[in-house]
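Everything below concerns the one structure shown next.
The values are calculated or read from the model by the stated rules, or taken from the named source; none is laboratory data. On a predicted model such as this, the values are computed, not experimentally measured, just so you know. Here the Cβ positions follow ideal geometry from the backbone for every residue, glycine too, while neighbour counts run over all protein chains shown. Only protein heavy atoms, including side chains, enter the accessible area calculation; ligands, DNA and RNA are left aside. Shrake-Rupley method; radii C 1.70, N 1.55, O 1.52, S 1.80 Å.
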Amino acid sequence: MDVSSSSWLAIAIALAAANLPFINERLFGVIPLNSAPGEAPNKSGWLRVAELLVLYLVVGVVAYFLESRIGNVFTQVKEFYMITVPLFVVLAFPGFVMRYLRKRQH
């Protein structure tokens, strides 16, 4: 895999992971949450933020392994994280809009 395709793969994984907390009501898209019988499960906003943080770390690990396969692994300083955390939140914007800002039709 060359540099360009691994970069685009990392971006695609980040886009999917950033929107995952807002798309469904399961934890990480897999683990069902407990709810009262007959009631739909409802993830709290704080749980979605925590899930977003964990998924950011998972995407970081995947991107690190993709970078190591290319050959050069660069050390990251605080400026890297000061840019990538807000970028990951911006990538989550479509899922946030679909979950909270879109008007529901009855």
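Here are a few things to note about the model shown:
- Less than 5 angstrom separates the built amide H of Leu27 from those of Leu33, all sequence-distant by 5 or more or on a different chain.
- Within the shell defined by Cβ-Cβ distances under 15 Å, the residues around Leu47 carry a net charge of +2, with Lys and Arg each +1 and Asp and Glu each -1.
- Accessible solvent surface per residue of the range 4-93, calculated while the other protein chains remain in place, 1.4 angstrom probe, Å²: 69
- Projecting the Cα atoms of Leu52, Ser68, Val3 onto the charge dipole of the chain, computed from C-beta unit charges around the Cα centre, puts Leu52 farthest toward the positive end.
- Computed in the context of the full set of protein chains, the accessible area of the chain at 1.4 Å probe radius has 71% of its extent on carbon or sulfur.
- Nearest-0.05 FRET efficiency for Ser6 and Met98, computed from C-beta distance (R0 22 Å): 0.15
- The peptide list 5-11, 77-83, put in order of mean Cβ contacts within 10 Å with the highest first, becomes 5-11, 77-83.
- FRET efficiency, Asn24 to Tyr64 (Cβ-Cβ, R0 25 Å, nearest 0.05): 0.40
- Net charge dipole size for the chain [Lys, Arg +1 and Asp, Glu -1 on Cβ; Debye, nearest 20]: 400
- Charge context of Val59, other residues only, Cβ under 14 angstrom, K/R +1, D/E -1: -2
- Computed as a quarter of the hull surface, the mean projected area of the alpha carbon convex hull for the chain stands at 8.6 nm².
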